[in-house]
Amino acid sequence: MRKVYILLILISMPFHLFAQQKLSWDGFADVSFHDVYNVHYDEYFMKPTFGPNIQSYEGSKISIRGYFLDFSYKEGFYMVSRNPMSSCFFCGGAGPETIIEVNFKNKPKYKTDQVIVVVGILELNADDVDHCNYILKEATVKLVQ
């Protein structure tokens, strides 16, 4: 009986390890911010403290539905946002928890404000002010609407 139990665990492990988890934007709100001075830029930045719920997804393959934002096609700097461009973090006063930097496997061909579902590996970034707090690596688009 014990061998059967161990075999079942080993068989199910790969499916759990590679399963994609769908997150909502509310999950990304599990963060608080405080101002920290950055000597390099001689400026204060909002440093995140990630909550336990969002921390549990770090390194996991997740999917999120949002608005595609093309900030620099030439340099390959893309984001997905909870809100369209006119009301995103940079343009409309939403918080930094409403955007995710996306590093696509292949150069995307979508237009700003097009609704997409992005799948990738979640990285939490608290220290590098040149990147967003949330980053999806090895990303692909699962669905275009």
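Here the Karplus relation 6.51 cos²θ - 1.76 cosθ + 1.60, evaluated at θ = phi - 60°, turns the backbone of region 45-55 into coupling constants of 10, 7, 8, x, 10, 7, x, x, 5, 5, 4 Hz, with x for every Gly and Pro.
When the surface is traced with a 1.4 Å probe over the full set of protein chains, Y67 keeps roughly 70 Å² accessible. Cross-linked pairs K47/K142; K47/K111; K22/K111; K22/K105: Cα-Cα separations exceed 26 Å for K47/K142; K47/K111. When a/c reaches 1.5 or more, the comparison of a/b and b/c decides; with that in mind, is region 19-76 rounded, prolate or oblate per its Cα gyration tensor? Verdict is oblate for region 19-76. Please give, to one decimal in nm, the separation of the simple spin-label points placed at K111 and K142, each 7 Å out from Cα toward the Cβ. Here the answer is 2.5 nm between the modelled labels. Available extension along the chain between F71 and D35 is 10.5 nm, counting 0.36 nm per residue and deducting the alpha carbon span.
The values are calculated or read from the model by the stated rules, or taken from the named source; none is laboratory data. Since we're looking at a predicted model, the values are computed, not measured. Glycine also receives a Cβ, built like all others from the backbone with ideal geometry; neighbour counts cover every protein chain displayed. SASA here: full protein model, heavy atoms, side chains in, ligands and nucleic acids out. Shrake-Rupley method; radii C 1.70, N 1.55, O 1.52, S 1.80 Å.
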